[in-house]
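Notes to accompany the following structure.
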Amino acid sequence: MRLTQKSKYAARALVELALNEPGSPLGVAEIARRQRIPERFLEQIFGDLRRASIIESRRGAHGGYRFAMPTEEITVLDIVEILDGEVRPARCSAGGTCYITDAPLCVTSEVWDEARIALESVFGRYTIADLAESERHNREDRALREATASVS
């Protein structure tokens, strides 16, 4: 299991979308610009997220993307599993089979299963709403520091 750029970009883009005015659509070009994500790549990512009913799109002059469900219900684990597949550090974790044909599961499968549980726990603990709130505070702190520095 390897996290791809897709999951990382998706989390950043969804946080940016969550910081937007609630319910107001935001265009993929604007999200890509703000987060410095290649626009074409973000369009592909958003296509996957739309098919998974995480976001929805609206066409037209005031179109763009918005959430199809509450951000409090979308975890980083959801995003990772949609874009990168099931969290499984080894084929034998989560009840899988050994890499060696016809071999019984060995004691190391317990390690891989524990790693899977830990990853799922961490990724499942953070929602897009949580990350957006943290980012909102970070941006406010940065703006305050910049304002203070420009006065000095």
remark   = Yeah, the stretch 5-151 with a ≥ b ≥ c from its alpha-carbon gyration tensor (a/c under 1.5 is rounded, else prolate when a/b outruns b/c, oblate otherwise) is prolate
Rounded FRET efficiency, nearest 0.05, which uses the C-beta distance separating ARG125 from THR4 and R0 of 22 Å = 0.60
query = If each of ASP48 and GLU140 carries a label point 7 Å out from its Cα toward its Cβ, how far apart are those two points in nm?
reply = 3.3 nm
request  = Using packing as a proxy for protection, rank 63-76, 131-144 so that the peptide with the highest average count of other Cβ atoms within 10 Å comes first.
outcome  = 63-76, 131-144
request  = Take every Cα pair under 8 Å in the stretch 5-151 that's 6+ residues apart, average their separations, divide by the length, and report that relative contact order as a whole percent.
outcome  = 25 percent
inquiry  = With a cut-off of 8 Å between alpha carbons and a minimum separation of six or more residues, what is the relative contact order of the stretch 1-78 in percent?
reply    = 30 percent
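Values in this text are rule-based calculations from the coordinates and carry no lab data. Fair warning: this is a prediction, and the values are worked out from it, not measured in the lab. Here the Cβ is made from the backbone with ideal geometry for all residues, glycine too, and neighbour counts use every protein chain on show.
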